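Everything below concerns the one structure shown next.
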Amino acid sequence: MHFGLVNRVQCQTCGHVSRKSDDAQTLNLEIPRGASTLGECLEAFFKDEILDGDNKYECDKCKERKAGLQSARKGLRLSSRMSDVFVVHMKRFRYGYGGLYGGVRIKKSVSSRSG
């Protein structure tokens, strides 16, 4: 019961793409505010993120040119190798400024239907 996740980072300056594959057994999904379907939760999980400001990326190609840190686009993708079983764990708590004991239980139903 394994599947592959591909962490992909693309430099916004030179276009170089770095990929790292990891095996996983469970996909741990948060329930974003406003999400009511499994599809919306998956969409939020796989949504690309821009690395900029304090989160800039050290691109291997730009590093060779001593160009410093660069803005980049980062995202996760499922690899083509999937097992017959795909386990999704829905996180039922949201933690904020209160730390571990300041968590809020999410009392929301999420539909697995697509429409």
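Each value in this text was obtained by applying a stated rule to the coordinates, not by laboratory testing. Owing to the predicted nature of the structure, the values given are computational and were not obtained by experimental measurement. So basically every Cβ, Gly included, is an ideal-geometry build from the backbone, and we count neighbours across all protein chains shown.
Between the residues G4, S36, G75, the greatest Cα displacement towards the positive end of the dipole of segment 3-105, with unit charges on the Cβ of Lys, Arg, Asp and Glu, is found for G75. Taking the Cα of E64, stepping 7 Å toward and past its beta carbon, and measuring to each backbone N in segment 1-35: which are under 14 Å? Within reach of a label on E64: 14-18.
What you get for segment 3-105, charging only the Cβ of Lys and Arg (+1) and of Asp and Glu (-1), is a dipole of about 140 debye around the Cα centre. Which shape class, rounded, prolate or oblate, goes with segment 3-105 when its Cα gyration tensor gives a ≥ b ≥ c as root eigenvalues, a/c under 1.5 marks rounded, and past that a/b bigger than b/c marks prolate? The shape class here is oblate. You can think of it this way: the chain between N55 and H2 has 16.0 nm of extra reach, that is 0.36 nm per residue less the Cα-Cα gap. Segment S109..K20, full-extension length gain: 28.7 nm, with 0.36 nm per residue of separation and the alpha-carbon distance subtracted.
Sparse packing (at most 13 other Cβ atoms within 10 Å of the Cβ) combined with a DSSP loop state is found for the following trypsin sites (Lys or Arg not before Pro) in segment 1-96: R33, K47, R65, K66, K91, R92. Note on K47 and V85: with the Förster distance fixed at 30 Å, the Cβ-Cβ geometry gives a FRET efficiency of about 0.75.
Shown here for segment 1-52: chymotrypsin sites (Phe, Trp or Tyr not before Pro) in loop regions (DSSP other than H, G, I, E, B) with at most 15 other Cβ atoms within 10 Å, namely F46.
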